[in-house]
1. Residues that are touching an Asp or Glu at 6+ places or on another chain (Cβ under 8 Å), at least 2 per element: which helices (runs of 4 or more DSSP H) completely within the range 1-109 meet that?
2. Determine, yes or no, whether ARG36 is in contact with a Lys or Arg (Cβ under 7 Å, 6 or more places away or on another chain), open to solvent by 70 Å² or more (accessible area, probe 1.4 Å) and under 23 Å from SER142 (Cα atoms).
3. Tell me, please, whether a residue that is open to solvent by less than 20 Å² (accessible area, probe 1.4 Å), β-branched (Val, Ile, Thr) and in contact (Cβ under 8 Å) with a residue 40 or more places away in the chain can be found in the range 54-62.
4. Run SER142 past the list (1) under 22 Å from LEU41 (Cα atoms); (2) touching a strand residue (DSSP E or B) at 6+ places or on another chain (Cβ under 9 Å); (3) not acidic (Asp, Glu) and report the number of the one that doesn't hold.
5. State whether one or more residues within the range 118-126 are part of a loop (DSSP other than H, G, I, E, B), open to solvent by less than 20 Å² (accessible area, probe 1.4 Å) and within 17 Å of HIS222 (Cα to Cα).
Amino acid sequence: MSTRQNILITGASSGLGAGMAREFAARGRNLALAARRTERLEELRDELLAQHPGITVAVRRLDVDRHEDVFTVFREFDDELGGLDRVVVNAGLGKGQPLGTGYFRANAQTANTNFLGALAQSEAALELMRPRNAGHVVLISSVSAVRGMPRNLTTYAASKAAVAALGEGMRADLARTGIRVSTIFPGFIRSEINEKVKNVPFIVDTETGCRALAAAIEKEPHKAYVPAWPWTPIAYAMKVLPLSVVSRMV
């Protein structure tokens, strides 16, 4: 397996995206980093270049809800880095409220960003990779995608389940090509998306979680639960336990 030297990460201004950028930079990879908050991206770029002066770090502002911009920015990154080898579809939202409580707009925004945004990124990545018959697309889903989730997680979990189904369909479609597709299911990793949530079981800090994410991505699996312990057995249990039990786990 060849080294994926040029890696694009969306949602890279904070949280898991920024953490993965630090991990891949430490491995000597060139990075294309996209997010809405350019000031944070520029700070991250300066940090990474100071620590790893031999790499290239390109940054662009990108709102994945603006689908045409996704295609434009991906092509610009591809030109700047001389070809993207891996695209990490990471940008997303975590906000939401129980259905029927008057917060449709927030739930719709999460569904739109997490799924349609991921669809646009996948399309843009594959438009670049199909002619080359090479590349690696990584979809960041969530352990919450394994089953329907209650309360504030209902829409988020559904959107991440859609991302997982998208990844599986892409794998089926690209099975006989040189393009790899991985779906990653992070467990509870501390980041801005959940920094205000208390009493989270089995949560790990951002650095530990992102180190595990990068290690899993490098193996290019079809799918992986991260960190593998305890989330692989927990995910299996979630699939077979009664929904009444699963709903009490979060």
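The values are calculated or read from the model by the stated rules, or taken from the named source; none is laboratory data. Remember, it's a predicted structure, so these values are computed and weren't measured experimentally. Cβ atoms come from the backbone with ideal geometry, glycine included; neighbour counts cover every protein chain shown. SASA here: full protein model, heavy atoms, side chains in, ligands and nucleic acids out. Shrake-Rupley method; radii C 1.70, N 1.55, O 1.52, S 1.80 Å.
1. In the range 1-109, 15-26, 67-81 are the helices (runs of 4 or more DSSP H) which contain 2 or more residues that are touching an Asp or Glu at 6+ places or on another chain (Cβ under 8 Å).
2. Numbers: in contact with a Lys or Arg (Cβ under 7 Å, 6 or more places away or on another chain): yes; open to solvent by 70 Å² or more (accessible area, probe 1.4 Å): yes; under 23 Å from SER142 (Cα atoms): yes.
For ARG36, the condition - in contact with a Lys or Arg (Cβ under 7 Å, 6 or more places away or on another chain), open to solvent by 70 Å² or more (accessible area, probe 1.4 Å) and under 23 Å from SER142 (Cα atoms) - is met.
3. no
4. SER142 satisfies every listed condition except (1).
5. The answer is no, given that none of the residues of the range 118-126 is part of a loop (DSSP other than H, G, I, E, B), open to solvent by less than 20 Å² (accessible area, probe 1.4 Å) and within 17 Å of HIS222 (Cα to Cα).
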